[in-house]
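Read the structure below first, then the notes.
The values are calculated or read from the model by the stated rules, or taken from the named source; none is laboratory data. Being a predicted model, the structure only gives us computed values, none of them experimental. FYI the Cβ positions are ideal-geometry reconstructions off the backbone, even for glycines, and counts take in every protein chain you see. Protein only, heavy atoms only, side chains kept; ligands, DNA and RNA dropped before computing areas. Shrake-Rupley method; radii C 1.70, N 1.55, O 1.52, S 1.80 Å.
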Amino acid sequence: MAFQINTNLDALKAYNALVKVNAQTTKAQLRLATMKKINSVADDTSGFRVSKELEAENFKYNAQLNNISSAKNLLSTGESALMQVLDKLNQIEAKQEDAKDPLKNAAALSEDVKVLADEIDNILSNTTINGSDILASSNFDFGAGTTLTVNIGAQIGDNSATITGLQNTTSQANLTQSISTFRDNIKTALGYIGNRMQTFESREEFITASITNNSATISRLVDADMAMEQLNATKGQIGTQIATAMLAQVNIGPQSLLGLFR
């Protein structure tokens, strides 16, 4: 075995081993601190890229869920309003039947119908969300990954003539057919709301499942195995102590050459 003083190869090898153990220990400790096994692109280039793409997709999905919530709020508001309209139309028809009774006050019943008609007109004209008339023939596009629109007004149709007739006439008999058509239109609109609600709920379920699957993949790529990293950190700490001790020993090895000069 050769002895050199200028270049202590054994000490250099021990030093390199110490640097490597320190790096591994530091990485394990960082993963424990952040609870992530990918803390920089250098840790896992492909894993980092995939996880960021999935995170971006989840941001988009969460925005779509918010849009769906808005759409469901709009539909629920429209449903409540139309249920009130339907109830009032049923009340009007009941008033018309009452008016056939010669012992009832036809004028008073006619006034009751006018009040109900005014309430219907008010509901159809003033049911709004964020300043938008949701019962008008307007498209509300909520996106959600595909074009999902809501247009309740198109289902209701134009019933203004019937409402005007109920508000102004003293005899309601000639409006019976118009009222029946009006009621059918409201029922059609309520059916449309139910179908749209089912569509949004189905899309919501799909998006929620997609977010869950993406999150599981991100976790698999990014999250640290805390038990394993704790083992690695402990192993590294012990290895650091041993490597430091060995470096100290091989570093003083050349001192044995001093005996040749005594």
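For the stretch 120-246, report the convex hull volume of the alpha-carbon atoms normalised per residue, in Å³, without decimals. Please list the in-between numbers first.
Numbers: hull volume 19.1 nm³, N = 127.
Spread over its residues, the Cα hull of the stretch 120-246 gives 151 Å³ apiece.
Cut-off 10 angstrom, C-alpha nodes, Gaussian network model of the chain. Which of Ile193, Ile238, Ile211 fluctuates the most?
Ile238
Quick check: the angle from helix 226-251's long axis to the longest principal axis of the chain, C-alpha only, nearest 10 degrees?
That helix lies at roughly 20 degrees to the long axis.
Kindly report, to the nearest 10 Å², the accessible surface of Met83 as traced by a 1.4 Å probe over protein heavy atoms only.
Surface accessible to solvent at Met83 totals approximately 80 Å².
Which FRET efficiency value, to the nearest 0.05, is calculated for Val19 and Met228 with the Förster distance at 30 angstrom and r the Cβ-Cβ distance?
Values: r = 22 Å, r/R0 = 0.75.
So the FRET efficiency works out to roughly 0.85.
Quick check on the chain: helices-only [θ] at 222 nm, where DSSP H runs of length 4 and up contribute -39,500 (n - 2.57) each and the sum goes over total residues. Nearest 500, please.
So the calculated ellipticity at 222 nm is -26000 deg cm²/dmol.
Taking 0.36 nm per residue of separation and subtracting the Cα-Cα distance, what length does fully extending Ser215 through Thr26 add? Mind dumping the intermediate values first?
Values: separation 189, 0.36 × 189 = 68.04 nm, distance 2.72 nm.
Fully extending the segment from Ser215 to Thr26 adds 65.3 nm.
Compute the long axis of helix 176-222 from its Cα atoms, compare it with the longest principal axis of the Cα atoms of the chain, and write down the angle in degrees, 0 to 90, nearest 10.
0
Rounded to the nearest 0.05, what FRET efficiency do Ala108 and Thr164 give with R0 = 30 Å and r taken as the Cβ-Cβ distance? Could you check? If you can, show how the numbers build up before the last one.
Working: r = 21 Å, r/R0 = 0.70.
FRET efficiency, Ala108 to Thr164: 0.90.
If you take the Cα atoms of the stretch 1-140, find Rg, then find the Kirkwood Rh from the mean of 1/r over all pairs, what is Rg/Rh? Could you put the intermediate results ahead of the total?
Values: Rg = 38.0 Å, Rh = 23.1 Å.
Taking Rh as the inverse mean 1/r over Cα pairs, Rg/Rh reads 1.64.
Accessible area per residue of the chain at 1.4 Å probe, in Å²? Walk me through the numbers on the way to the answer.
Numbers: 15680 Å² over 262 residues.
Using a 1.4 Å probe on heavy atoms only, each residue of the chain averages 60 Å².
Given a Förster distance of 35 angstrom, what is the FRET efficiency for Lys100 paired with Lys187, based on the Cβ-Cβ distance and rounded to 0.05?
Working: r = 25 Å, r/R0 = 0.71.
Efficiency, rounded to the nearest 0.05: 0.90.
Tell me, in nm to one decimal, what length is gained between Asn73 and Arg49 on full extension, where the rule is 0.36 nm per residue of separation less the Cα-Cα distance?
Numbers: separation 24, 0.36 × 24 = 8.64 nm, distance 3.67 nm.
In short, 5.0 nm is gained.
Carbon and sulfur together cover what percent of the accessible area of the chain at a 1.4 Å probe radius?
Values: 8340 of 15680 Å².
After summing per-atom areas, the C and S share lands at 53 percent.
Provide, for q = 0.07, 0.14, 0.15 Å⁻¹, the log10 of I(q)/I(0) from a solvent-free Debye sum over equal Cα point scatterers in the chain.
Each listed q maps to, in turn, -0.54, -0.99, -1.05.
Between Ile252 and Lys60, how many nm apart are label points set 7 Å from Cα along the C-beta direction?
It is 6.5 nm.
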